[in-house]
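Let me begin by presenting the structure, written as structure tokens, before commenting on it.
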Amino acid sequence: MKVLLVNTNQMQPPIAPLGLDYLAEALHAAGLAVEVLDLCFAPDVGAAIRQRLAADNYSLLGLTVRNTDDCYFAGQDFFLPRLRQMVQTIRAHTDAPIVLGGVGFSVMPEAILAYCGGDWGLWGEGEFVLPELVRRLQRGEEVTDLPGLVYPLPASASGSSSPTLMHRNAPAFGDLAALPPMRRRWVDNARYFREGGQGGFETKRGCDQPCIYCADPVAKARRIRLRPPAAVAEEVAALLTQGVDHLHTCDSEFNLPEAHARAVCEELVGRGLGERVRWYAYCAPVPFSDELARWLRRAGCVGVDFGVDSGDDEMLQRLGRPFRSADLLETARICHRQGLTFMYDLLLGGPGETRETLARTIALMRRAAPSRVGLSIGVRLYPYTPLARRVEQEGFTADHPALFGKVEGNETCLAPVFYISPALGEEIFAVVGELVGDDERFFFADPTKPEQNYNYNANEVLQKAIRRGYRGAYWDILRRVQEERGRGKRCSVNQV
Ligand code: B12
């Protein structure tokens, strides 16, 4: 009996379901038969599910949940109702157990399992536990002791009229060096590259940073687990054979720890991959050195996206960031010195944000002069984060002055809900707009300027550019589109 892994992410431009590619390889290595049903490109999701389930029998269906929503204030596209519909359609056509997992799922596993249905959920990485879950279910054995497993308690435990209570087991972390070689053959990576413009690879898991709002430590754990650099390089080579030569790291921060980042770069250089592949990384602004920048460039890295959040020291402290504005200026100097294209990513509207902190941040960005600045306005609240706990203590109610989006009946933060400093409220958009003015280097959601739309969800400028052959990180594609347009303008002015 086979396992069917289902990609439920339909967001465009499409990003390949890396987690499913890894999981399928692990199931296969464990001697289990596995297939993938990719709903990303399915014009009719219901029909695609029905057809596949009519054609074959499966012992278990594993659904990946990458994004709960687009996590973007100006979008607030909520994906879980569609996921719930998919689970219902599957239920109607098979008795096989349904398991939910994935990074989006792991941000709030209990709430998602309760809302969408499904028999089991698995928090965190799936390569070690999913094969064991499949085997035990096939043999009719007990599974409730499996690490990371999430499941509804029997109705008697929650009382018949109260909502279903969920239980989550403590996780266990396997040795990533024990994973099979990731050949990247279970997903149509070539198609994702054609239509999505980039591939992805992972060099480690986990994030130990103390940022008060972030979902990464919640979904991936604080403990950092490293992949052997040789395994990473082999995977990059496997993608290259499929023609996928523009990649993005899928770590939380590539340079934490810095020594591992360097070891991965050395491995890529040693195998001659640095000249054959172009890749982008998410990095923390500290630690960052000239030496690392040089290694990045030699290894084929053509752009770094630094999650800096703010340029104001008080805000950085309140957000739990372990660096200050002087560090941002220094990291920017290093990138300029080493000729590295880079972006500073801001998260505006957090606790204590005011007109003054915003003005200082934008001024600092102008001084640092990164290639581009990405602005996310409004902080998506995720459960189990220090920020969510603080809001809970203050009272998660509709009259909480900092809450926007869906508040009532949404204490689990399942539907998009955002924090914006009460000193600004929704006025923050106008304030930021004024501060940024006509400076094209700043990306954020202004409907009159589609080239600066920083939500990748259904981003038409991006989709069009990818169709025209642009490849790479989305911020860098948007940057190049702007520059091309600028050149066009200058050209026509000259011609006139
Ligand atoms: C890199 C990255 C990007 C890159 C992707 C580059 C690429 N080529 O892949 C870019 C910049 C394009 C991007 C875009 C977006 N991203 Co992003 N991204 C990430 C990041 C850092 C890595 C994702 C990843 O591939 N991880 C590696 C894989 C291997 O891990 P995994 O998917 O979790 O899979 C493992 C487990 O979850 C589990 N598993 C997975 N599926 C299943 C299924 C079953 C049944 C089981 C049992 C287990 C299981 O096993 C897998 C292997 O261990 C994550 C944060 C993170 N640290 O993971 C954010 C993250 C996923 N992104 C996020 C968001 C919001 C977005 C955007 C929606 C932003 C936007 N509005 O534009 C878009 C969505 C794009 C799309 N089309 O889907 C959020 C999602 C939060 C949420 N609540 O939904 C995250 C969590 C970041 C955050 N902290 O907020 N992203």
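Quick note: the coordinates plus some simple rules give every number you see, no bench work behind them. None of these values were measured; they are calculated from a predicted model. In this analysis, Cβ positions are derived from the backbone assuming ideal geometry, glycine residues included, and neighbour counts consider all displayed protein chains.
Projected onto planes of every orientation and averaged, the convex hull of the alpha-carbon atoms in the chain covers 24.1 nm². Cross-link pairs exceeding 32 Å in C-alpha to C-alpha distance, out of Lys406/Lys449; Lys204/Lys449; Lys2/Lys220; Lys220/Lys406, comprise Lys204/Lys449.
Taken along the Cα-to-beta-carbon direction at a fixed 7 Å, the label points for Gln51 and Lys2 span 1.4 nm. Maximal additional length on extending the Glu132-Asp208 stretch stands at 24.6 nm, based on 0.36 nm per residue less the C-alpha distance. Evaluate E = 1/(1 + (r/R0)^6) for Glu266 and Arg185, where r is the Cβ-Cβ distance and R0 equals 35 Å; express this FRET efficiency to the nearest 0.05. FRET efficiency, Glu266 to Arg185: 0.85. If you take the square roots of the eigenvalues of the alpha-carbon gyration tensor of the stretch 184-269 and sort them as a ≥ b ≥ c, do you get rounded (a/c under 1.5), prolate (a/b over b/c) or oblate? In terms of gyration-tensor shape, oblate. Look at the dipole of the stretch 46-203 built from charges on Cβ: of Gly199, Thr164, Ala74, the Cα furthest out on the positive end belongs to Gly199. The dipole here belongs to the stretch 75-223: it is taken about the Cα centre, uses +1 on the Cβ of Lys and Arg and -1 on the Cβ of Asp and Glu, and is about 360 debye. The stretch 86-161 and the stretch 296-324 have Cα centres separated by 36 Å. Net charge in the neighbourhood of His93 (other residues with Cβ under 10 Å of its Cβ; Lys, Arg +1, Asp, Glu -1) is +2. Each Lys and Arg contributes +1 and each Asp and Glu -1, all at the Cβ; summed about the Cα centre of the stretch 26-95, the dipole is approximately 140 debye.
Once C-alpha pairs closer than 8 Å and six or more residues apart are averaged by separation and normalised to the residue number of the stretch 2-168, the relative contact order reads 20 percent. Please compute the modelled spin-label separation between Glu330 and Ala237, points set 7 Å along Cα→Cβ, answer in nm with one decimal. Rounded to a tenth, the inter-label distance reads 3.8 nm.
Based on DSSP H segments of at least four residues, each scored -39500 (n - 2.57), the chain has a per-residue ellipticity at 222 nm of -11500 deg cm²/dmol.
Charging the Cβ of each Asp and Glu at -1 and of each Lys and Arg at +1, and nothing else, the dipole of the chain about its Cα centre rounds to 1300 debye.
Ranked by the mean number of other Cβ atoms within 10 Å of their residues, highest first, the peptides 17-28, 312-323, 98-109 fall in the order 98-109, 17-28, 312-323. Note on the stretch 168-288: dipole from Cβ charges, positive end direction compared against Val264, Val277, Pro228; the farthest Cα belongs to Pro228. Distance from the Cα centroid of the stretch 422-436 to that of the stretch 163-238 is 36 Å (rounded to whole angstrom).
Restricting the chymotrypsin sites (Phe, Trp or Tyr not before Pro) of the stretch 399-496 to loop positions (DSSP other than H, G, I, E, B) with no more than 13 neighbouring Cβ atoms within 10 Å leaves nothing.
The overall shape of the stretch 2-168, judged from the alpha-carbon gyration tensor, is rounded, with an a/c ratio under 1.5.
Cut-off is 10 Å between beta-carbons; in what order do Glu440, Glu291 appear when sorted fewest neighbours first?
Going from sparsest to densest Cβ surroundings: Glu291, Glu440.
Only Cα pairs under 8 Å and 6+ residues apart enter the sum, and on that basis the relative contact order of the chain stands at 13 percent.
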